[in-house]
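The values are calculated or read from the model by the stated rules, or taken from the named source; none is laboratory data. Remember, predicted model here, so these are calculated numbers, not experimental data. Reconstructed Cβ throughout: ideal geometry from the backbone, glycine too, with neighbour counts over all protein chains shown. Each accessible area value is taken on the protein alone, full model and side chains, heavy atoms only, with ligands, DNA and RNA left out. Shrake-Rupley method; radii C 1.70, N 1.55, O 1.52, S 1.80 Å.
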Amino acid sequence: MGNAQKLMLAVVGVFVVGFIMVGSNKEQSKEKKEAAAMIRAIAGMQAMAHQKCPMLIKQHTGSAIRSLVSDTKTNKSTYYTVEWLGEKDDNFKKATCTITSTLGGVSKLVIDGKVIIDKE
């Protein structure tokens, strides 16, 4: 076998080993798949909460959300709760909105202790 053939065989061997390494790294374990699904679920609920809740709060109070979120709570799989504190000239002091993944939308909205929406 000549040097050129040995060189070509070595290059092919490097490519084969590279493809095997890349292929084996792309396979995800069950735990990694579950973690990725959990992250997607939380991100979806968070996006929905920051889209729908401010609109509902404005609809019921007349004040738009201008402040940052003061608190969040989640169990990282089924619900995401966001709390806003009203500013000095807002028509509310505290608004809490909960998104539940099983309902696919706002399941609870509480403004200044008054329950506006409560879906089970």
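Points worth noting:
- Only one of the listed residues (Met55, Met8) is surrounded by 10 or more Cβ atoms within 10 Å (Cβ to Cβ), more than 18 Å from Ile111 (Cα to Cα) and of a type in the set (A, V, I, L, M, F, W, C). That residue is Met8.
- Filtering the stretch 66-87 to residues that are over 19 Å from Ser107 (Cβ atoms) and open to solvent by 40 Å² or more (accessible area, probe 1.4 Å) leaves Arg66, Leu68, Ser70, Leu85, Glu87.
- Residues of the stretch 84-106 satisfying the condition of being within 23 Å of Ala41 (Cβ to Cβ) and in a strand (DSSP E or B): Trp84, Thr96, Cys97, Thr98, Ile99, Thr100, Gly105, Val106
- Pairs, first within 14 Å of Ile39 (Cβ to Cβ) in the stretch 73-95, second assigned to a strand (DSSP E or B) and open to solvent by 30 Å² or more (accessible area, probe 1.4 Å), C-beta under 6 Å, six or more apart: Tyr80/Thr74
- Output for the stretch 96-120, where each listed residue is hydrophobic (A, V, I, L, M, F, W, C) and free of Cβ contacts under 8 Å to residues at least 40 places away in the same chain: Leu103, Val110, Val115
- Residue in the stretch 27-43 that is part of a helix (DSSP H, G or I) and within 16 Å of Ser107 (Cβ to Cβ) present: yes
- Selection within the stretch 70-83 - part of a strand (DSSP E or B) and either basic (Lys, Arg) or touching a Phe, Trp or Tyr at 6+ places or on another chain (Cβ under 8 Å) (or both): Ser70, Thr72, Lys73, Thr74
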